[in-house]
2 protein chains.
Amino acid sequence: MQAFADRIDDAVRRKESAIVVGMDPNPALFPPDAAAGGAEPEALAEAFERFSAGILEAVAEAVIAVKFQSAFYERLGAAGAAALARSLRHAQRLGLVTILDAKRADIGSTAEAYAEAQLGDLPGTPGPATDAVTVNPYLGEDGILPFVRQAAPRGKGLFVLVKTSNPSGPQLQDLLSGGRPLYLYAAALVRKLGAELPGACGLTGVGAVAGATYPGVLRELRDAMPETLFLLPGVGAQGGKVEDLAPAFLPGRRGALITASRSIIYAHRDRPGMSWKDAARSEAQALRDLFRQRLDA
Amino acid sequence: MQAFADRIDDAVRRKESAIVVGMDPNPALFPPDAAAGGAEPEALAEAFERFSAGILEAVAEAVIAVKFQSAFYERLGAAGAAALARSLRHAQRLGLVTILDAKRADIGSTAEAYAEAQLGDLPGTPGPATDAVTVNPYLGEDGILPFVRQAAPRGKGLFVLVKTSNPSGPQLQDLLSGGRPLYLYAAALVRKLGAELPGACGLTGVGAVAGATYPGVLRELRDAMPETLFLLPGVGAQGGKVEDLAPAFLPGRRGALITASRSIIYAHRDRPGMSWKDAARSEAQALRDLFRQRLDA
């Protein structure tokens, strides 16, 4: 069983890409020919599945992974849960690594239930077709370890929120304790837990989420977590830029993944006359090319 | 539209109870006559619904609210999502306040999607039959405000994690910044946002989760959040005791709710010869009576 960190490291080398497409399906932004046939959850879920399939088939060559945003599927209740499970399987069939962005964390048996649902083998859940999940660190190790334990025997991984990309992220995350910001304590937790998911490549499968909108702290985060895989959301619609992300990478442009969601999947909105699939492919390729050009190999 | 804080305050007075039953359905702990007719998600979901109905009908007189633990339903995928929505509706028909323990938090449009799914009017989601949700504060105000905005026009509320009941909660939550622990900064955020959901009774609808397993800090939390509704999990299976919770309450034993999950719903395991419904009723009544006796009126 190949470790998660090694699967990622191999994919980045093979595709010469560290781009992750974020799947945030919002029917209000769908192109007309991908619109749902009705407003009922079942019709919307079917549209989500067709939209996801169309986008992923278009971008699969340029990206290494897809990050599905659980919230948008939860808006559709049971129909959304079924569509999410099917779209995760479809993404895996396209050779993509699948990340479920659910940002859960809880305690004891509850955290175990989330970890089983999201990384385990339970029928009907996202678990069987999910390679990695995002996790919130506010509850400490108890809230994270159950995910590590589900991930380890399956070659799967997780990404713990360390420094989020939103404007109010600093309210708690930047508080100084002993002269160091809180996010460095979260980073220390990530590094420690990483020892449970080692890869042969030197990276670990307990990754860190670090917002591309705060490039100034990426060097500090990399120093604090030298073996950690970074997931960098916030490029595109949120204003983060690929060229500012170099400090997050290890030599050989390894060790970090760049996520762009709305700027790829809704690229048709800025490209009149281009089909939505071609627009998404073009934007994903452009990001991949920026990654190749602006980050030292 | 009655404010959430006022609905809770009225229910506590009327029932002379501040007990919340936690619904953590785990098929391995079900009594034989509530067992599922198979291992498929659909059979388990049906068993969850019957178990929830049996427990809630038995305890409805002694408790004011039920807290459904989302994780256990998510283990069943789409079938679990449908069962959760139905059990929430059934709980409301029994006159109980419904709390969805989902501990979500995200940014921007994603946080809005969670808030809509959990407190809004979307068909097929938990939203229409959920009165309050739990929220994680790690992302700051951005991660919480969308829930406040969905709650306000509907007389609903939320409970933000401040000091969790688990052993590793202190790893981040107790870090000192400027001489004050992190959880007091979360408390300040809760108090500030509370101004958006004022009740006529003087309490607000932005509540705080404070673990009953750390009774030593309840006085400090109450001083920091004088108008906040507290949700106190950790009584029973986790070791918290009703008699230690007095500092969390306001005069007239107002302003705080005591949650017990496994100790109520699986009470039959410690009461051989008693039916599971009678055992749950008996345990809920015992906790309610402890609340009446040990906390000053």
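The values are calculated or read from the model by the stated rules, or taken from the named source; none is laboratory data. Owing to the predicted nature of the structure, the values given are computational and were not obtained by experimental measurement. In this analysis, Cβ positions are derived from the backbone assuming ideal geometry, glycine residues included, and neighbour counts consider all displayed protein chains. Each accessible area value is taken on the protein alone, full model and side chains, heavy atoms only, with ligands, DNA and RNA left out. Shrake-Rupley method; radii C 1.70, N 1.55, O 1.52, S 1.80 Å.
Quick notes on this structure:
Let's see how each residue does on (1) more than 21 Å from residue A:3 (Cα to Cα); (2) of a type outside the set (D, E, K, R); (3) in contact with a strand residue (DSSP E or B) (Cβ under 6 Å, 6 or more places away or on another chain):
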| position | (1), (2), (3) |
| --- | --- |
| A:204 | no, yes, yes |
| A:230 | no, yes, yes |
| A:238 | yes, yes, no |
| A:249 | no, yes, yes |
| A:269 | yes, no, no |
| A:274 | yes, yes, no |
| A:278 | yes, no, no |
| A:285 | yes, yes, no |
| A:294 | yes, no, no |
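- Extreme residue, surrounded by the fewest Cβ atoms within 10 Å (Cβ to Cβ), among residues of the range A:114-147 that are among the charged types (D, E, K, R) and not in a helix (DSSP H, G or I): A:121
- A single entry from B:179, B:202, B:194, B:252 fulfils the requirement of being buried (at least 22 other Cβ atoms within 10 Å of the Cβ) and either within 20 Å of residue B:146 (Cβ to Cβ) or not aliphatic (A, V, I, L, M) (or both): B:194.
- Tally of residues being away from chain A (no Cβ under 14 Å) and in a helix (DSSP H, G or I) across the range B:50-73: 10
- Members of the range A:37-49 that are in a loop (DSSP other than H, G, I, E, B) and open to solvent by 50 Å² or more (accessible area, probe 1.4 Å): A:37, A:39, A:40
- Filtered residue count, the range A:1-22, keeping only those that are open to solvent by less than 20 Å² (accessible area, probe 1.4 Å) and not in a helix (DSSP H, G or I): 6
- Restricting the range B:99-116 to residues that are touching a Leu at 6+ places or on another chain (Cβ under 8 Å) and within 7 Å of chain A (Cβ to nearest Cβ), the residue that is modelled with the lowest pLDDT: B:107
- Filtering the range B:255-274 to residues that are in contact (Cβ under 8 Å) with a residue 40 or more places away in the chain and open to solvent by 50 Å² or more (accessible area, probe 1.4 Å) leaves B:262, B:269.
- Test result for residue B:46, facing chain A (nearest Cβ under 9 Å) and without any contact (Cβ under 8 Å) to a residue 40 or more places away in the chain: no
- Residue within the range B:211-223 that is surrounded by 24 or more Cβ atoms within 10 Å (Cβ to Cβ) and within 16 Å of residue B:20 (Cβ to Cβ) present: yes
- Test: residue in the range B:105-120 that is of a type in the set (Val, Ile, Thr), over 30 Å from residue B:16 (Cβ atoms) and in contact (Cβ under 8 Å) with a residue 12 or more places away in the chain: yes
- Taking each residue of the range A:138-158 that is basic (Lys, Arg) and looking for partners that are assigned to a loop (DSSP other than H, G, I, E, B) and open to solvent by 10 Å² or more (accessible area, probe 1.4 Å) with beta-carbon atoms closer than 9 Å, six or more apart or interchain, yields A:149/A:196; A:154/A:1; A:154/A:121; A:156/A:197.
- Sole residue being of a type outside the set (Lys, Arg) and either more than 7 Å from every other protein chain (Cβ to nearest Cβ) or open to solvent by 10 Å² or more (accessible area, probe 1.4 Å) (or both), chosen from A:76, A:88: A:88
- Any hit, the range A:224-233, residues being over 27 Å from residue A:25 (Cα atoms), of a type outside the set (Val, Ile, Thr) and assigned to a helix (DSSP H, G or I): yes
- Options A:188, A:152; residue that is open to solvent by 40 Å² or more (accessible area, probe 1.4 Å) and more than 19 Å from the chain's Cα centre (by Cα): A:188
- Condition check for residue A:100 on (1) free of Cβ contacts under 8 Å to residues at least 60 places away in the same chain; (2) assigned to a helix (DSSP H, G or I); (3) more than 13 Å from residue B:71 (Cα to Cα): one failure, at (2).
- Some residue of the range A:23-36 being within 18 Å of the chain's Cα centre (by Cα), assigned to a strand (DSSP E or B) and crowded, with 24+ Cβ neighbours inside 10 Å: yes
- Number of the condition not met by residue B:161 [criteria: (1) more than 10 Å from every other protein chain (Cβ to nearest Cβ); (2) not in a helix (DSSP H, G or I)]: (1)
- The number of residues in the range B:224-238 being at pLDDT below 90 and either open to solvent by less than 50 Å² (accessible area, probe 1.4 Å) or more than 19 Å from residue B:21 (Cβ to Cβ) (or both) comes to 3.
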